[in-house]
Amino acid sequence: MSDNINRRDFLKGAATGVGVGLLGAMGLYSYSPMRKSHFTQAERKMTDIGVCKSVKVTNISETSWFENGVLMGDIKGAGGLLVNQYDYNWPPFGNGKGLGKGSYEEGIAQIKHLLPNRLEEAWKIIEGNSVHPENAGGYAALVEVEQMDGKKTKYLLDVGWSYKWCDEAFKREGIDKMLENKEIEALFFSHEHFDHFWGLPVALKYDPEITIYIPEGFYPEGLQYIKDCGHKGKLITVKNGLNKVIPGMASYVFAIPIICRVYGEQSLYFNVADKGLVSVTGCCHQGIIRFAETAYNEIKYENDKCYGIYGGLHISPFDDWDPKYDDLVISLGDYGFERIGCNHCTGVLCAKKFIAAGYPVVEGTAKNRSKDKAYLGNGDTITFG
């Protein structure tokens, strides 16, 4: 080789090295705490929600559907993710006309006279009229809060989707008896999505008078469904923002549009004594960063520390992967959670990435049709405090 070529190669290599080094430094910098010096600092409200002793979550069901391919095929065939969820012709609102040709009015007319007590009869009708009833599962959790004086209060977070699957799950975890005995104080709905909300008759079968909290933004069909299911108790619409429930517990309603024509999501925050903030979520459509930053900006909590998180974190709900999801995995580490109980729309692949990153993921047992031990599965529990 000539001297000119060597010189050219040398300069090209040097420039490439500097460029790669610069990009590498920028990449490291973007994930470091130093980047925050460029952000406008919002004044923290530090709202005092009180303090509780501990929080225990029992996963009644995190398996909202059993086959991703079947669900995505239905969504695509019906016109996509922006279609009104009541039009897909999924259970329980099947009218026998096929995919994408459903309606709330025609579906509920088939089963309304059987709700909430004759669910087996209703489900047989639903199976004959709906698209892929065998793929429906549901998301539901039991949240038990121990207050500082030792008093324990139970709440339901969501009720799942399939009447058949959810009734079996309720009986497996003893939720049916707790409802019958009025041991469960109230039912919180995270949002109106089919897999969190449409199993409502299962809860009302055992306690039709239970108090229900819904986030602001429910559509007319959803409000009518609560009536048509036979609810006889208080229905409380929770306004956007922070709402105290009992000492140490608050809900927060995020005003956000969600796929399948749903609006608004309600999540739960707890301030656990000597530990810090615990966050419990249904799907976390608001995003884990917004979820954590909202707590930081709004709430005063023990040791100013994010202690634990439970629920769906909505990173890879269909177990696909995009490089931008890696940013979310890395960002979650910034908050220093000591106990992470993830499942549902977090995605198994994402949960495994959390574990690979060294995060304190509480693994499950993979029983009752949950897919993997990287998740807190159906019937598993996690305690904070």
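The values are calculated or read from the model by the stated rules, or taken from the named source; none is laboratory data. Just so you know, these numbers come straight off a predicted model, no measurement behind them. Here Cβ is always computed from backbone atoms with ideal geometry, including for glycine, and neighbour counts include all displayed protein chains. Surface areas here come from the heavy atoms of the whole protein model, side chains and all, with no ligands, DNA or RNA. Shrake-Rupley method; radii C 1.70, N 1.55, O 1.52, S 1.80 Å.
Positive-end ranking of T47, Y163, L81 along the dipole of the chain, with charges on Cβ about the Cα centre, is headed by T47. Only bridges with both residues in the chain count here: give the DSSP antiparallel percent, nearest 5. If I count the DSSP bridges inside the chain, around 60 percent turn out antiparallel. Here the 3J(HN,Hα) profile of region 369-385, calculated from phi with Karplus coefficients 6.51, -1.76 and 1.60 at θ = phi - 60°, is 6, 6, 7, 7, 6, 5, 9, 7, x, 4, x, 7, 10, 9, 10, 10, x Hz, Gly and Pro shown as x.
Of the chymotrypsin sites (Phe, Trp or Tyr not before Pro) in region 290-343, not one is in a loop by DSSP (not H, G, I, E or B) with at most 10 other beta carbons within 10 Å. Under the membrane-span-like helix rule (DSSP H runs whose alpha carbons stretch at least 20 Å along the helix axis, mean Kyte-Doolittle hydropathy -0.5 or higher), the chain yields 3-30.
Counted residue by residue at 0.36 nm each, then reduced by the alpha carbon distance between them, the extension gain from K239 to E209 reaches 8.6 nm. The residues of region 244-302 expose on average 28 square angstrom of accessible surface per residue, using a 1.4 Å probe on protein heavy atoms. Comparing I246, F337, G217 along the charge dipole axis of region 216-358, the residue lying farthest to the positive side is I246, per the Cβ-charge model. Bridging of K353 to lysines at a Cα separation below 30 Å is possible for K36, K56, K76, K275, K305, K324, K367, K371, K373, once same-chain residues fewer than 8 apart are set aside. In straight-distance terms, cross-link reach from K112 covers every one of the lysines whose alpha-carbon lies under 17 Å from its own, apart from those fewer than eight places away in the same chain; here that gives K124, K164, K205, K227, K232. Highest-first packing order for the peptide set 338-345, 155-162, 127-134 is 155-162, 338-345, 127-134, based on the mean count of other beta carbon atoms within 10 Å.
Distance distribution note for region 87-240: the fraction of Cα pairs above 23 angstrom is 33%. Ordered from longest to shortest, the equivalent ellipsoid semi-axes for region 227-385 are 24, 20, 17 Å, each the square root of 5 times a Cα gyration tensor eigenvalue.
In summary, the convex hull built on the alpha carbon positions of region 173-301 has an orientation-averaged projected area of 8.3 nm².
Kirkwood hydrodynamic radius for region 45-146: how many Å is it when counted over pairs of different Cα atoms? Its Kirkwood hydrodynamic radius stands at 15.8 Å.
Projected onto the charge dipole of region 245-362 (+1 at Lys/Arg Cβ, -1 at Asp/Glu Cβ, origin at the Cα centre), which of L349, I288, G264 gives the Cα projection farthest towards the positive end? The listed residue farthest towards the positive side: G264.
FRET efficiency for E168 and E43, Cβ-Cβ distance as r, R0 = 56 Å, nearest 0.05? So, using R0 = 56 Å, E works out to roughly 0.70.
Here the chain is assigned +1 on the Cβ of each Lys and Arg and -1 on the Cβ of each Asp and Glu. Its dipole about the Cα centre then comes out at about 460 debye. Shown in residue order for region 93-98 are the 3J(HN,Hα) couplings computed by the Karplus curve 6.51 cos²θ - 1.76 cosθ + 1.60 at θ = phi - 60°: 9, x, 10, x, 9, x Hz (x for Gly and Pro). Placing dummy labels 7 Å off each Cα toward the beta-carbon, the span from E338 to E180 is 4.0 nm.
When only the Cβ of Lys, Arg, Asp and Glu is charged (+1, +1, -1, -1), the dipole of region 158-317 relative to its Cα centre reaches about 120 debye. Per the 1.4 Å probe, what fraction of the accessible area of the chain, in percent, lies on carbon and sulfur atoms? Using a 1.4 Å probe with all protein chains present, the chain comes out at 53 percent carbon and sulfur.
Taking amide H as placed 1.01 Å from N in the peptide plane, the amide H of H191 sits under 5 Å from that of Q266, each at least 5 places away or on another chain. When the Cα atoms of the chain are aligned to their principal axes, the ranges along those axes come out at 90, 54, 37 Å in descending order. Each peptide among 185-194, 219-228 gets the average number of other Cβ atoms lying within 10 Å of its residues, and from highest to lowest they stand as 185-194, 219-228.
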